Protein chains: 2
Amino acid sequence: MPHRRADDSDAGTIKGPLGIIAGGGPLPCVLADAAASRGLELHIVGIRGEAREEIERFPHTWMKWGEVGKLFSALDNKGCRDLVIIGGVTRPDLANVKFDLGAIRNLPFLVSLGMGGGDDHVLSSIVRFLESKGYRVHGAGDVAPELLAGQGRLGDRAPSADDKADIAMGFKVVGALGRLDVGQAAVVVKGHVLAVEAAEGTDAMLARCAELRSSGRTRRHARAGVLVKAPKPGQEERVDLPTIGPETVRKAAAAGLAGIAVAAGQVLMAERAATIEAANQNGLFLVGESVASLDST
Amino acid sequence: MPHRRADDSDAGTIKGPLGIIAGGGPLPCVLADAAASRGLELHIVGIRGEAREEIERFPHTWMKWGEVGKLFSALDNKGCRDLVIIGGVTRPDLANVKFDLGAIRNLPFLVSLGMGGGDDHVLSSIVRFLESKGYRVHGAGDVAPELLAGQGRLGDRAPSADDKADIAMGFKVVGALGRLDVGQAAVVVKGHVLAVEAAEGTDAMLARCAELRSSGRTRRHARAGVLVKAPKPGQEERVDLPTIGPETVRKAAAAGLAGIAVAAGQVLMAERAATIEAANQNGLFLVGESVASLDST
């Protein structure tokens, strides 16, 4: 699959209104605000049960899983040819999804989604499907680069020498796994890999780390170790950037970690001020590592 | 560190009585029975709070964490120069361990254990320490090769073509991580890596898989996917072989998996009959993959 870096900015190419297909969490509205502040017209299509009601602040349409025809009508009625897909979604239980006519017309594609493969397979298939219908799919960072974590120290604290060793190890683990389409995160404490994320998500992994450390199954240290997040190599970065926010920071703090390191320019940090504030308040460092240093792992 | 394969059998070189340093679970007594059935004299040193009382079936001494001097006295009084270290241990909380004179004499070594690094660092350090004291450390499989999982189909069922693809993927994941001294196991379901084991252990990983599948966060299938276990490349196989038993099988069944694949000759399956019986009863396949096919991943 094509590897699109988020820094191949193409927001300048967005001509008409921007269509935002919205999953859960705060990101869709943060992006919509950023797009609006650039003077872009926009229309949000919110997925019922996933997107927050807050999207109603903007021009919007609600759709249910399976209403593929409704999605296309909404986008086409508003003249949206440029799209951003953003926000978390739970995998729908296909047995309980009602498909509309637009979905039934695209059944071969929907069936192909069920054929297995990692998350990245599903997401890149959706992007290819939308592109085959003539839409242009952009990354959130293309529209609003300020939503991506920058490079260097992002909060008040800086990582120690030990932390830096843990960071390097964490990027190695995430890099090795990413090539196999697994996870985007790992936790390393004093050279020891405490946890690796696969399907459970970062929050569940951090909760496990908190439990492991409190139960004394691992050596205890006063605030040590790091959460590392990076995209998988070749990941469809337009629709599946790893994300951190204030809750990530609080859960990393609860797990006794010293800080968080992310791939600079490749991890969404849409709630920038709140995330940095949470890091400072909890005494965690927060750093963006350059792509170059990642490529060397 | 030296990479010792369990099939470099050297049981023939064991002259005097075998010393068994026993952690938790059934393995120490299974090994002691196997050694006794070969006519080997033996003496078990059980770690309090870890080893089962059942070790008292054999000539034995109890020691607490920190009683390094007592360990050496017990082994030397019985003339044990050949050792096997077997059974799970929890990481002791060093702040609450009482060290005897023998421990204090070896403080530099004990301090080095606390210096970080993965589990394999700690275990290979212990082996080197015992060797520096003149003991010969053997793997359980050296003494009793029948305790290792063999090659090929071990139970009634055979993996399907889909299962074989999941098995190959699982060995790739475990291989990639093992090179970084992480985990010994992964779960792959229909090409999708559901979970990767780090510090939490296989049981906790399988419990997480059961939860992920029941909560519908992953696509559900009637009994699909595989647990793969293999040693890390370069792992100190004399003291840290991955292990499966009937409980592993039951937890894999509870997670909805179709079966279990292990590295043949490199995974302990001491409760052989009970493990195979559990696989058959739960309808899971259980296979040993050859080292050659692992090396090619």
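The values are calculated or read from the model by the stated rules, or taken from the named source; none is laboratory data. What you see is a predicted model, and the numbers here were worked out from it, not measured in a lab. So basically every Cβ, Gly included, is an ideal-geometry build from the backbone, and we count neighbours across all protein chains shown. What goes into the accessible areas is simple: the full protein's heavy atoms, side chains included, and nothing from ligands, DNA or RNA. Shrake-Rupley method; radii C 1.70, N 1.55, O 1.52, S 1.80 Å.
Key figures
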quantity	calculated
Amide proton proximity set for A:H43, modelled H, under 5 Å, gap of 5+	A:L18, A:G19, A:I20
Pairwise Lys count, chain A - Cα closer than 25 Å, eight or more residues apart or different chains	26
For chain A, with +1 on Lys and Arg beta carbons and -1 on Asp and Glu, the positive-most of A:V188, A:P28, A:A230 along the dipole	A:V188
Sites B:A161 and B:E277 - FRET efficiency at Förster radius 30 Å, r taken between beta-carbons, to 0.05	0.70
Helix-only CD estimate at 222 nm, as mean residue ellipticity for chain A, using -39500 (n - 2.57) per DSSP H run (n ≥ 4)	-10500 deg cm²/dmol
Neighbour cut-off at most 13 other Cβ (10 Å), DSSP loop, trypsin sites (Lys or Arg not before Pro), the range A:45-92	A:R48
Accessible area buried between chains A and B, both sides summed, probe 1.4 Å, in Å² to nearest 100	2700 Å²
Å² per residue, accessible surface of chain A at 1.4 Å	41 Å²
Using alpha-carbon coordinates, inclination of helix A:161-178 to the longest axis of chain A, degrees	40 degrees
Estimated vicinal HN-Hα couplings, Hz - the range B:252-269 in sequence order (Karplus 6.51, -1.76, 1.60; Gly, Pro = x)	5, 5, 5, 7, x, 6, 8, x, 10, 10, 10, 6, 4, x, 10, 10, 6, 9
Angstrom value of the Kirkwood radius, inverse mean 1/r, which spans all Cα pairs in the protein assembly as shown	26.0 Å
Shortest-first nm distances, A:E211 label point to equivalent points in other copies (7 Å, Cα→Cβ)	0.4
With all protein chains modelled, accessible area of B:C29 [1.4 Å, Å²]	10 Å²
Beta bridges by DSSP in chain A, antiparallel share as percent, to the nearest 5	30 percent
On Cα atoms only, tilt of A:119-132 relative to the major axis of chain A in degrees	30 degrees
B:V267 long-range amide H proximity, modeled H, under 5 Å	B:A149
Ascending list, in nanometres, of distances separating the A:G134 label from those of the other copies (7 Å, Cα toward Cβ)	8.7
